[in-house]
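Report on one structure; see the data block that follows.
The values are calculated or read from the model by the stated rules, or taken from the named source; none is laboratory data. Values in this document were obtained by computation on a predicted structure and should not be read as measured data. Note that we place each Cβ from the backbone using ideal geometry, even for glycine, and neighbour counts take in every protein chain shown. Accessible surface areas use protein heavy atoms only, side chains included; no ligands, DNA or RNA. Shrake-Rupley method; radii C 1.70, N 1.55, O 1.52, S 1.80 Å.
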Protein chains: 2
Amino acid sequence: MALSTQPYKGARDFFPEEKRLQKYMFGTLRKVVESYGYEEYDAPILEPLDMYLAKSGDEIVNDQTYTFEDRGGRRVAIRPEMTPTVSRMVASKRQELGYPVRWYSIPNLWRYERPQRGRLREHWQLNVDIFGLEDMKAEMELIQVADSILKNFGATHDMYTIKVNSRKLMDFIMHDYLKLTPVQMHMVSKLIDRMHKMPSETFEAEAEAIFTPSQREAGAFNKLVGLLKIKQIHHLPEVIRESEPAKELKRLIDMLKDARVPNVAFDITVMRGFDYYTGIVFEMFDNHPDNNRAMMGGGRYDGLVGLFGVEPVPTVGFGWGDVTLQNFLEGHSLLPNLRPETDVYVVLIGDVYGKAQKVIDELREMGARVAVDLSDRKPDKQIKAAVKKGIHYAMFIGEKELKDEQYEVKNLITGASETHSASRIVSIVTDYRGSNDDL
Amino acid sequence: MALSTQPYKGARDFFPEEKRLQKYMFGTLRKVVESYGYEEYDAPILEPLDMYLAKSGDEIVNDQTYTFEDRGGRRVAIRPEMTPTVSRMVASKRQELGYPVRWYSIPNLWRYERPQRGRLREHWQLNVDIFGLEDMKAEMELIQVADSILKNFGATHDMYTIKVNSRKLMDFIMHDYLKLTPVQMHMVSKLIDRMHKMPSETFEAEAEAIFTPSQREAGAFNKLVGLLKIKQIHHLPEVIRESEPAKELKRLIDMLKDARVPNVAFDITVMRGFDYYTGIVFEMFDNHPDNNRAMMGGGRYDGLVGLFGVEPVPTVGFGWGDVTLQNFLEGHSLLPNLRPETDVYVVLIGDVYGKAQKVIDELREMGARVAVDLSDRKPDKQIKAAVKKGIHYAMFIGEKELKDEQYEVKNLITGASETHSASRIVSIVTDYRGSNDDL
């Protein structure tokens, strides 16, 4: 029986066209984060499973992570997220690094979930982290980085919203204001994290069930429902509004507005799924009506590095998946027309393969990316292959051309032909590479 | 108990320094293969296990591949090699592609083996493949690509040797000349593939045991031992020398010499481990005495695409691991001094964070990669962090500097300071990025 040509379920093949788009997206991401002084790192896709059991959150580890036992009996995970890995790496060089440490990576991550739009089993995710700063300038910088990324892709501030909240604020609300127990706090947090994925009646029924009758009688449940509808920090009850976490959030929003990031808003329902967050959390929301969801999410997690047996390091980081980014760019028509990597397709006329080597080498040495049709087919069949590949120019090399050192170069889009020296042809075909007009 | 900071056994963390080296190596690989018209593709690291059972070779699948059953009961492998994957992808678009198809990728591959120098459990491997050519020009081009890669890294032809052989020639020798059975042929092939990893006495004893007494009496075993010592095609017995596969090999070597690749040699012991090769096979050997081993290997495999239920496509490809490439470049002192991605480290003097945002934004917009020390430490502590990171320049921003729009920029290697406008500083720090002299 023939083998299937399909990739593994929920995962993607990247044919050259798709890879080209990925390279464009990742190239822009790298350029922007490096402009803020971030350095790239990487790590193995397999990690000891224990690392995730510590802090990632139960659902992610138990239900969604690829795990297996290796031949040496070790429990191994295919990494579902990068945060534990980068914390491990910082911990391993805790003393040697110059702080603040600014690191980024674009790892491939795997989760065992039912494939659906924007939620495959694998994706690539930009991870940007800053280590060593307790001050809110760290959160501020990361949100600026994310904002700069979209700006560099050509987005404007009306296309997305940055939503901020604070785990400390939510703890204050749940513990000090609503008087919930730690177990109830955890349950309510998890429920709020999922609230936009369910009808509001379902949410309210499930939330109500978490409260004890006496808590309900004391009005705690109604207070929660009311709080979750508040859209502005200054509409919060005074005792909450005047708490340190609320004031910190307000300061962050004001600082961002001063730094030309106006589309930032308080959102009390932003929780982030991971258990390890300890302070401010944030998400970037796509405002497109067809794609109204978080693209990027992150926050402060001051406790993770310390799990590796070293002194803790205050940390803020975010993750941004390639699928949600691509959906955003497509939805807002921000993807450019990407051109194939090959500048010119050489059509050999007659038996000139050996003799043509020299000029072909020269084309490459002068900087052109040259594919040679080695099939010995008729020229029109060779040109058809170039057209299929989307290559813009064909160049013809036969006995006469080699003798004259003048070659016909044909624009495969317009059909126009000209005859030039090899060096002139290199400048024609490489000029096109850089230009932005599509004929 | 604290979690371990070590990566998974036999796998590597890439801290920014190591990642920088990888980016340099991969960037050079991409530049060269794209200059030959190859387009990049990629695919999931998980593949159905069945795909490897078909043709990769028993040892690789049974003993060396990471396999597990997923939650849906599917048998999955972490890919040990890329060739079956790229064959699957070509098969899935068999009719739509323009031939010859030239594709490359730099996938991460995993094998379960005892970690040792140059043989980790994971590596990255450049895979370059050309589909659709029966003619030997395909092998020719791939060897030229490999040769151009080393040339672009600054290597000279005395540093390495390209060894070529032919599966068809070996089949002719074993079947027609030595009269071995198919089972014996397979055993002898596998043994020759491992012969340089064992003492010659062990090899000869194991080889002799494969022959029957009557074959040994007829001199077949002695003939094999004699043949394996031959270094030149024209020293082979006439009946072998005059066979089609031998003449084809000779033609390839001559063509390569004509095309300025003189360091190519026939090597009858080059077999390549995979079962799927069908014609010419080749390896690139590092001539460095401390690292005398194959870096790159490949050959023709005409049968693999056809396993996916489509008409077969003649194919030649090679794989080249990052570890062996790095060993080569280190052994021959070909690695340049790589500079950190960050051009300048901004030291804030006093409480100027908010006011300094504008000039820092401008530095980035003008193309500089700028890290800002947000720690509020004393300037000398901030500079220490920059030195730890290997950043070449520090720039000081305080009240006075902001008022004058003139900033002190300090070369952290020489200690020299100058005062300039922001735009002048951008050109100083970005000029350094491109220059090659290390102070």
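For the condition part of a loop (DSSP other than H, G, I, E, B), under 28 Å from B:Thr342 (Cβ atoms) and either open to solvent by 10 Å² or more (accessible area, probe 1.4 Å) or at the interface with chain B (Cβ under 7 Å from one of its Cβ atoms) (or both), what is the one hit in A:Gly37, A:Gly10, A:Gly72? It would help to see each step written out before you state the result.
On the way: A:Gly10 fails: under 28 Å from B:Thr342 (Cβ atoms); A:Gly72 fails: under 28 Å from B:Thr342 (Cβ atoms).
Of the residues listed, the single one that is part of a loop (DSSP other than H, G, I, E, B), under 28 Å from B:Thr342 (Cβ atoms) and either open to solvent by 10 Å² or more (accessible area, probe 1.4 Å) or at the interface with chain B (Cβ under 7 Å from one of its Cβ atoms) (or both) is A:Gly37.
Which residues, taken from the range A:314-330, are outside any strand (DSSP E or B), within 14 Å of chain B (Cβ to nearest Cβ) and β-branched (Val, Ile, Thr)?
Keep residues of the range A:314-330 that are outside any strand (DSSP E or B), which gives A:314, A:322-330.
Narrowing the set further to residues that are within 14 Å of chain B (Cβ to nearest Cβ) leaves A:314, A:322-323.
Matches in the range A:314-330: A:Val323 only.
Looking at (1) within 7 Å of chain A (Cβ to nearest Cβ); (2) closer than 29 Å to A:Met89 by Cβ; (3) over 18 Å from the mean Cα position of the chain (by Cα), which is the only condition B:Asp50 fails?
Here B:Asp50 meets the rest and fails (2).
Is it the case that the range A:255-271 has a residue that's part of a helix (DSSP H, G or I) and surrounded by 15 or more Cβ atoms within 10 Å (Cβ to Cβ)? It would help to see each step written out before you state the result.
Residues of the range A:255-271 part of a helix (DSSP H, G or I): A:255-258.
Checking the rest, the ones that are also surrounded by 15 or more Cβ atoms within 10 Å (Cβ to Cβ) come to A:255-256.
Yes, the range A:255-271 has at least one match.
Where the second residue is aliphatic (A, V, I, L, M) and surrounded by 14 or more Cβ atoms within 10 Å (Cβ to Cβ) and the first is more than 14 Å from chain B (Cβ to nearest Cβ) and lies in the range A:331-350, which pairs have Cβ atoms under 8 Å and are six or more apart or on separate chains?
A:His332/A:Ala155; A:His332/A:Met159; A:Leu334/A:Ala155; A:Leu335/A:Leu21; A:Leu335/A:Leu329; A:Ile349/A:Ile397
B:Asp176 - would you say it is more than 23 Å from the chain's Cα centre (by Cα) and within 13 Å of another protein chain (Cβ to nearest Cβ)? Full working, then the answer.
Details: more than 23 Å from the chain's Cα centre (by Cα): yes; within 13 Å of another protein chain (Cβ to nearest Cβ): no.
Considered against the rule, which asks whether it is more than 23 Å from the chain's Cα centre (by Cα) and within 13 Å of another protein chain (Cβ to nearest Cβ), B:Asp176 comes out as no.
Out of all the residues in the range A:425-435, is one or more within 13 Å of another protein chain (Cβ to nearest Cβ), in contact (Cβ under 8 Å) with a residue 12 or more places away in the chain and aliphatic (A, V, I, L, M)? Full working, then the answer.
Residues of the range A:425-435 within 13 Å of another protein chain (Cβ to nearest Cβ): A:426, A:429-430, A:433.
Adding the requirement that they be in contact (Cβ under 8 Å) with a residue 12 or more places away in the chain leaves A:426, A:429-430, A:433.
From what's left, aliphatic (A, V, I, L, M): A:426, A:429.
Looking through the range A:425-435, at least one residue is within 13 Å of another protein chain (Cβ to nearest Cβ), in contact (Cβ under 8 Å) with a residue 12 or more places away in the chain and aliphatic (A, V, I, L, M).
Is it the case, given these coordinates, that A:Ser166 is polar (S, T, N, Q) and closer than 24 Å to A:Lys257 by Cβ? Outline the logic, then answer.
Working: polar (S, T, N, Q): yes; closer than 24 Å to A:Lys257 by Cβ: yes.
Here the answer is yes, as A:Ser166 does meet what is asked.
Got a sec? Which of A:Ile162, A:Ile149 is touching a residue at least 60 places away in the same chain (Cβ under 8 Å), outside any helix (DSSP H, G or I), within 21 Å of the chain's Cα centre (by Cα) and crowded, with 16+ Cβ neighbours inside 10 Å?
Details: A:Ile149 fails: outside any helix (DSSP H, G or I).
Being touching a residue at least 60 places away in the same chain (Cβ under 8 Å), outside any helix (DSSP H, G or I), within 21 Å of the chain's Cα centre (by Cα) and crowded, with 16+ Cβ neighbours inside 10 Å holds for just one of A:Ile162, A:Ile149, which is A:Ile162.
A quick yes/no check of all residues on (1) modelled with pLDDT of 95 or more; (2) surrounded by 18 or more Cβ atoms within 10 Å (Cβ to Cβ); (3) closer than 25 Å to A:Ile149 by Cα:
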residue: B:Arg369; (1), (2), (3): yes, yes, yes
residue: B:Ile391; (1), (2), (3): yes, yes, yes
residue: B:Met395; (1), (2), (3): yes, yes, yes
residue: B:Lys403; (1), (2), (3): yes, no, no
residue: B:Gln406; (1), (2), (3): yes, no, no
residue: B:Lys410; (1), (2), (3): yes, yes, no
residue: B:Glu418; (1), (2), (3): yes, no, no
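Specify the residue that is farthest from A:Lys378 (Cα to Cα); the eligible residues are those in the range A:338-357 that are assigned to a loop (DSSP other than H, G, I, E, B) and more than 38 Å from the chain's Cα centre (by Cα).
Of the residues in the range A:338-357, the ones assigned to a loop (DSSP other than H, G, I, E, B) are A:338-343, A:349-352.
Going one step further and asking which of them are more than 38 Å from the chain's Cα centre (by Cα), we end up with A:349-352.
Values: A:Ile349: 8, A:Gly350: 9, A:Asp351: 12, A:Val352: 14 Å.
Here the residue is A:Val352.
Which one of these does A:Thr414 not meet: (1) away from every other protein chain (no Cβ under 14 Å); (2) surrounded by fewer than 19 Cβ atoms within 10 Å (Cβ to Cβ); (3) outside any loop (DSSP other than H, G, I, E, B); (4) among the polar types (S, T, N, Q)?
That leaves (3) as the condition not met.
With respect to B:Tyr112, determine if the residue is at the interface with chain A (Cβ under 10 Å from one of its Cβ atoms), surrounded by fewer than 21 Cβ atoms within 10 Å (Cβ to Cβ) and within 19 Å of the chain's Cα centre (by Cα). Outline the logic, then answer.
On the way: at the interface with chain A (Cβ under 10 Å from one of its Cβ atoms): yes; surrounded by fewer than 21 Cβ atoms within 10 Å (Cβ to Cβ): yes; within 19 Å of the chain's Cα centre (by Cα): yes.
Yes, satisfied.
Among the residues of the range B:166-199, what is the count of those that are part of a helix (DSSP H, G or I), open to solvent by 50 Å² or more (accessible area, probe 1.4 Å), more than 25 Å from B:Ser214 (Cβ to Cβ) and not acidic (Asp, Glu)?
Going through the range B:166-199 one residue at a time, the tally reaches 4.
Please go through the range B:210-235 and give me each residue that is in contact (Cβ under 8 Å) with a residue 40 or more places away in the chain and either in contact with a Phe, Trp or Tyr (Cβ under 7 Å, 6 or more places away or on another chain) or not aliphatic (A, V, I, L, M) (or both), ordered by number.
Here is the first cut: in the range B:210-235, the residues in contact (Cβ under 8 Å) with a residue 40 or more places away in the chain are B:220, B:223-224, B:227-228.
Those that are in contact (Cβ under 8 Å) with a residue 40 or more places away in the chain and either in contact with a Phe, Trp or Tyr (Cβ under 7 Å, 6 or more places away or on another chain) or not aliphatic (A, V, I, L, M) (or both): B:Ala220, B:Lys223.
Would you check if B:Leu53 is more than 25 Å from A:Gly72 (Cα to Cα), open to solvent by 10 Å² or more (accessible area, probe 1.4 Å) and free of Cβ contacts under 8 Å to residues at least 60 places away in the same chain? Step through it out loud before you land on a result.
Numbers: more than 25 Å from A:Gly72 (Cα to Cα): no; open to solvent by 10 Å² or more (accessible area, probe 1.4 Å): yes; free of Cβ contacts under 8 Å to residues at least 60 places away in the same chain: yes.
Against the criterion (more than 25 Å from A:Gly72 (Cα to Cα), open to solvent by 10 Å² or more (accessible area, probe 1.4 Å) and free of Cβ contacts under 8 Å to residues at least 60 places away in the same chain), B:Leu53 does not qualify.
May I ask you to list pairs of residues, at least six apart or on different chains, whose Cβ atoms are under 7 Å apart, with the first in the range A:249-261 being within 13 Å of chain B (Cβ to nearest Cβ) and the second being among the small types (Gly, Ala, Ser) and part of a helix (DSSP H, G or I)?
A:Asp258/B:Gly354
Is it true that B:Ile173 is within 16 Å of B:Tyr277 (Cβ to Cβ) and aliphatic (A, V, I, L, M)? Before the answer, list the steps.
Values: within 16 Å of B:Tyr277 (Cβ to Cβ): yes; aliphatic (A, V, I, L, M): yes.
Judged against the criteria, B:Ile173 is a match.
State whether the residues of the range B:358-365 include one that is assigned to a loop (DSSP other than H, G, I, E, B), surrounded by fewer than 21 Cβ atoms within 10 Å (Cβ to Cβ) and within 13 Å of another protein chain (Cβ to nearest Cβ). Write out each step before concluding.
We begin by selecting, within the range B:358-365, every residue assigned to a loop (DSSP other than H, G, I, E, B); these are none.
No, there is no match, as no residue in the range B:358-365 is assigned to a loop (DSSP other than H, G, I, E, B), surrounded by fewer than 21 Cβ atoms within 10 Å (Cβ to Cβ) and within 13 Å of another protein chain (Cβ to nearest Cβ).
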